[in-house]
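> The structure that follows is given in the form of structure tokens.
Rule-based calculations on the coordinates, nothing more; no lab input. Since this is a predicted model, take the numbers as computed values, not measurements. Glycine also receives a Cβ, built like all others from the backbone with ideal geometry; neighbour counts cover every protein chain displayed.
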Amino acid sequence: MRTMHVIGIGAGDPDQVTVAAIKAMNTVDVFFVIDKGAQKQELVDVRTRILREHVPTDHRVVEFTDPPRDRAPSDYDDAVDTWHDLRARMLADLVDAEPSESVGAMLVWGDPSLYDSTLRVVERVRAVLHSPFEVSVIPGVTSPSALAAAHRIVMNRVGEPVLTTTGRRLRDEGLPDGVTAAVVMLDSDCSFRSLPGWHVWWGANLGTPGEVTLAGPVDDIGDEIVARRAALRAEAGWVMDTYLVHRP
Ligand SMILES: C[S@@+](CC[C@H](N)C(=O)[O-])C[C@H]1O[C@@H](n2cnc3c(N)ncnc32)[C@H](O)[C@@H]1O
């Protein structure tokens with residue numbers, strides 16, 4: 001394969017796909033799509049809709065199943081490393097089977113630079129192939145951007161930094177001293193509850209028809225967010241949420 005485009009497609013709204021992404025997609029012969037199982041079918045459907053709407057040129061879609069992942073590992077970094085390796089081996093076999101002149105692409109939720117393993121996996125694939133392909137990255141709208149837009153807010157307090165972190169870190173370690181604003185992703189536990197007195201702006205399934213947003217003091221709306229999140233998850237089998245917290 002000659003080139004692999006890693007294309008950010010935005011956080012859920014097909015209208016967030018950029019003109020640069022559409023131009024790149026129309027040069028692609030083969031899209032490699034990771035199938036995350038029936039529960040996340042809606043996410044695959046968004047990708048399918050994007051291809052149908054924006055890519056009239058001839059192309060193929062090759063799906064591969066996400067390798068199993070240890071969700072409660074004793075060593076988190078080691079488990080992620082093993083999972084990336086499994087993904088890379090699967091993808092390397094598929095890439096190897098492509099004609100040498102073909103152009104491939106992977107569509108990435110949000111932007112490839114933020115909590116996404118695609119670029120790391122693609123680098124591993126390049127390392128094991130005899131004739132490595134070129135990699136190009138097309139940026140996409142991140143879920144924190146979609147969150148800020150939905151609430152019509154600025155993420156940082158005036159002139160101050162904003163930390164981007166995960167629910168696991170917030171739950172296990174709290175926020176570092178001095179942090180006054182943080183965006184939290186990958187949180188299945190509503191860990192903002194460990195921040196009484198703070199303000200939260202929450203968004204679930206942003207950009208999709210089922211988008212829900214809530215904002216207010218953690219002490220006042222924390223329970224409502226927990227209940228709404230649980231209801232969304234019970235209904236669809238999954239939910240994706242991101243939130244911003246500010247110290248008052
Ligand atoms: C594996 S990360 C991918 C992030 C993605 N690369 C980005 O740029 O937004 C998945 C996390 O992103 C957030 N996320 C992605 N899409 C979202 C959406 N439509 N609404 C709310 N949060 C979303 C959630 O925190 C979810 O747990």
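> Under 10 Å, Cα contacts only: if you run a Gaussian network model on the chain, which one of Gly167, Gly237, Gly159 comes out with the highest mean-square fluctuation?
Sorting by GNM fluctuation, first place goes to Gly159.
> Further question: Report the trypsin sites (Lys or Arg not before Pro) located in region 124-217 that are in a DSSP loop and have at most 16 other Cβ atoms inside 10 Å of their Cβ, or state none.
Arg152, Arg157
> Let me ask something else about it. Tell me the angle of helix 76-96 to the major Cα principal axis of the chain, expressed in degrees between 0 and 90 and rounded to the nearest ten.
For helix 76-96, the angle is close to 30 degrees.
> Next question. Check Val61: other-chain or 5+ apart residues with amide H under 5 Å from its amide H, H built from backbone geometry?
Here Phe31 satisfy the definition.
> Moving on to the next point. Which ³J(HN,Hα) values in Hz, rounded to whole numbers, follow from the phi angles of region 203-208 under the Karplus curve 6.51 cos²θ - 1.76 cosθ + 1.60, where θ = phi - 60° and Gly and Pro get x?
x, 10, 6, 4, x, 9
> I'd like the orientation of helix 218-236 relative to the chain: the angle between its Cα long axis and the longest Cα principal axis, in ° from 0 to 90, rounded to 10.
Result, in degrees: 40.
> Pairs of alpha-carbon atoms within less than 8 angstrom and 6+ residues apart define the contacts here; what relative contact order does the chain have, in percent? Show your work: numbers first, answer last.
Working: 427 pairs, mean separation 59.2, N = 248.
Worked out over the chain, it gives 24 percent.
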